[in-house]
Amino acid sequence: MIGSVRPQVDGGRFAAKATVGRDVVVRADVFVDGHDRVGATVRWQADGDAAWHEVPMEPLGNDRWRATFTPEAPGLHRFKVTGWVDAFATWHSELVRRLAAGEDLTVELQVGAQLVAAAAKRAGGDDRIRLKDWAARLSDAQPGQHAEIATAEELTGLMARWPDRARNAATSSGSPIWVDRERAASGAWYELFPRSASRERGRHGTLRDVAMHVPALADLGFDVLYLPPIHPIGHTARKGPNNARSSSPGDVGSPWAIGSDEGGHTAVHPDLGTVDDVGALVKELEAHGMELALDVAFQCSPDHPWVAEHPAWFKHRPDGSIRFAENPPKKYEDVYPLDFETDDWRALWEALLGVITFWMDRGVRIFRVDNPHTKPFAFWEWLIDEVHAIDPGVIFLSEAFTRPRVMEHLAKLGFTQSYTYFAWRTDPTELRDYMTELTTPPLAEYMRPNLWPNTPDILTEELQTGGPSSFRARFLLAATLAANYGIYGPAFEHMEDRPREPGSEEYLHSDKYEIRWREPGAAAGMRELIARVNATRHAHPALQQDASLTFHRADNPMLLVYSKRDERSGDVVLVIVNMDHRHAQSGWTDLDMPALGLAWDAPFTVADDLDGRTYAWRGPRNFVRLDPAHAPGHLFHVAIPR
């Protein structure tokens, strides 16, 4: 019997997620009735390959088995678990017990000789010769040789390489795994509005201005530059500053009101530049080891060319007008939603796919998708499959702040990464429980979290009221709890905390509705912290993955203690954050030492990458005091004694 195969999403209906060059850990229950021993292997292949690769599984105890394989290219892969009754292993285990009981082994060794002779026929090369020799030795063994033969490691090793898999063999159904490139697994994102990127007060920023910021962003350690929509903005019902329903001449409107007589989703706003400027920005980012992410918002301004060219792509009211977008009580008078149930849906879907491929042809391989939960699941599954058939390295980030099951299903459908509820998880216990859920199976097998402490739509109450220390703490948490994180950069760097009105999470004077000017040197303190943390992320493999996230106890609940450990390199990072943004907190840790790769009473050193200090610790209990006025926490590199 084979059961409980992992990773497996909804019985194999959807693909689990993996990363090029990183181990895929397969676990399964493999067992039979009675006392027979079993063997098991994992067979895997990349989609389209003729050959299967095979790795043996090792027993973990209690009929649970484990194996790993490492995919080498992005794309769809499959694996199967095969199990069988291992006649030789069964015979050998009984033989050892008979030997311990002092029984005569003459007949049993003859049985073993037959099993080994049969294996010799299956074997090749030198192994065949050696197995034939062992079959003869078993047949001719004298009583004084029984003990030596029964415990011979060479024989058991040879037989393990050439098992008889014919008896009661079973194979699991194929389990799909989607393998992404490395950037999908780890990256620091920075969001900015190009129109606010000018270095001259009062001038509309351009994509060329954005390119001038790239060296500084690379120095800060960011991997992905994300731009909100860069397309022409509609004039009809254009929003004014602070989301005002009316606008004045010169108001720039919301970038998400896409489309005008200057073009739609494949055009660039003339004040930002040209399509060629996008290609130039991609190359500038590549020169600094970064990538460009573009916003995908499948909605239209009333002035979008599609409204006139394809009226059937929009829902019409009885009077013939088109209803603007609403999410009560929110209203988006400057946006028309698309009708995915239109009779002309095939043409609509192909046009939306064409938007993605247009920007792919300009070098863009990362897309942040706006509100995917408001479009059909079937559409996203189709579109992502079509894109990945062209380039399996394209990354999609799902911006779906909605019900958990919907967020999870979008991840199953193929979204590479997902926004989360991290911004609103502020209680230490709540945050610990939530991150444990995100980074352990089954959720971790298909949903990659991307943590954002703020976005242009989200200025949380904690950031509004917590002062600078709350910004520092939330940044440290986001950048170390998950391998992927992002910030709405200029607002976060400058620690902007003023809401549009009391009770709102909208920023006052948001870049969403106007051009913002910020003094370049005003965010020096926050930028220094960002640079240090990102440098640590790049230097330590432990922070480039989520699977090993482990929370430790402390006698003060306001101290959040967690670690990450990279098994291959042995790299260990230990983070302690003061969750009280106003007062100093102190306490004793209660570390899970094996999770750090240490014995319970081992001495070790911790070096803080935030202030450069080193401390000598021993065992699980160590004293910590953190004052938010000076530092949000400790970012320790654990030095394990040799």
> When all protein chains stay in place, what accessible area (Å², nearest 10, 1.4 Å probe) is found for residue 569?
Replying inline: 70
> How large is the charge dipole for region 271-392, taken about the Cα centre, if only the Cβ atoms of Lys, Arg (+1) and Asp, Glu (-1) carry charge, to the nearest 20 debye?
Replying inline: 340
>> What number results when the radius of gyration of region 1-119, computed over Cα atoms, is divided by 2.2 N^0.38 Å?
In response: 1.35
> Helix 404-413 versus the longest principal axis of the chain: what is the Cα-based angle in degrees, 0 to 90, to the nearest 10?
Replying inline: 70
> Which angle from 0 to 90°, rounded to the nearest 10, does the C-alpha axis of helix 106-122 make with the longest principal axis of the chain?
Replying inline: 50
>> Kirkwood Rh over alpha-carbon pairs of region 96-136, then Stokes-Einstein at 4 °C and 1.567 mPa s: what D in µm² s⁻¹, rounded to an integer?
In response: 118
> With the other protein chains left in place, how much accessible area per residue, in square angstrom, belongs to the chain at a 1.4 angstrom probe?
Replying inline: 43
> In the full protein assembly as shown, how much of residue 283 is accessible to a 1.4 Å probe, in Å² to the nearest 10?
Replying inline: 150
>> With θ taken as phi - 60° and the coefficients 6.51, -1.76 and 1.60, list the Karplus ³J(HN,Hα) couplings across region 147-157 in order, rounded to whole Hz; mark glycine and proline as x.
In response: 5, 5, 5, 5, 10, 6, 6, 4, 5, 5, x
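Relative contact order of region 171-213, please, whole-number percent, based on alpha carbon pairs below 8 angstrom and at least 6 residues apart.
It rounds to 24 percent for region 171-213.
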> Relative contact order (percent) for region 371-433, with alpha-carbon contacts under 8 angstrom and 6 or more residues of separation?
Replying inline: 35
>> For the full complex of protein chains and a 1.4 angstrom probe, list 517, 452 by accessible area with the highest value first.
In response: 517, 452
> In terms of modelled amide H atoms, which long-range or inter-chain residues lie less than 5 Å from the amide H of residue 63?
Replying inline: none
> Taking the Cα-to-Cβ direction at residue 582 and at residue 140 and moving 7 Å from each Cα, how far apart do the two end points lie in nm?
Replying inline: 8.9
> Just by accessible area at a 1.4 angstrom probe, what is the order of 391, 427 from largest to smallest?
Replying inline: 427, 391
> Relative to the longest principal Cα axis of the chain, at what angle does helix 207-219 sit, 0 to 90 degrees, rounded to 10?
Replying inline: 40
>> What does the extension gain come out to for residue 381 and residue 308, with contour length at 0.36 nm per residue minus their alpha carbon separation?
In response: 23.4 nm
> Could you name the aspartates and glutamates in cross-link range of residue 121, using Cα to Cα under 20 Å and dropping any fewer than eight places away on the same chain?
Replying inline: 86, 133, 140, 154, 164
> Using θ = phi - 60° and the Karplus curve 6.51 cos²θ - 1.76 cosθ + 1.60, what whole-Hz ³J(HN,Hα) does each residue of region 29-34 get, with Gly and Pro shown as x?
Replying inline: 8, 10, 7, 9, 6, x
> Treating the beta-carbon of each Lys and Arg as +1 and of each Asp and Glu as -1, no other charges, what is the dipole magnitude of region 361-495 about its Cα centre, to the nearest 20 debye?
Replying inline: 140
>> Quick check on the chain: helices-only [θ] at 222 nm, where DSSP H runs of length 4 and up contribute -39,500 (n - 2.57) each and the sum goes over total residues. Nearest 500, please.
In response: -9000 deg cm²/dmol
>> Which residue, 197, 232, 157, has the largest displacement toward the positive end of the dipole of region 129-239 when charges sit on each Cβ (Lys, Arg +1; Asp, Glu -1)?
In response: 232
> If r is the Cβ-Cβ distance from residue 524 to residue 167 and R0 is 45 Å, what FRET efficiency results, to the nearest 0.05?
Replying inline: 0.05
> Can you give the accessible area of residue 92, probe radius 1.4 Å, in Å² rounded to 10?
Replying inline: 40
> Under a 1.4 angstrom probe, counting protein chains only, how are 35, 204, 265 ranked by accessible area, largest first?
Replying inline: 35, 204, 265
>> For residue 347, project a label point 7 Å along Cα to C-beta. Then give me every residue of region 303-318 with its amide nitrogen under 14 Å of that point.
In response: 306-314
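The values are calculated or read from the model by the stated rules, or taken from the named source; none is laboratory data. Note that the coordinates shown come from a computational prediction; the quantities given were computed from them, not determined experimentally. In this analysis, Cβ positions are derived from the backbone assuming ideal geometry, glycine residues included, and neighbour counts consider all displayed protein chains. The protein model used for the area step is the full one, side chains on, heavy atoms only, and it has no ligands, DNA or RNA in it. Shrake-Rupley method; radii C 1.70, N 1.55, O 1.52, S 1.80 Å.
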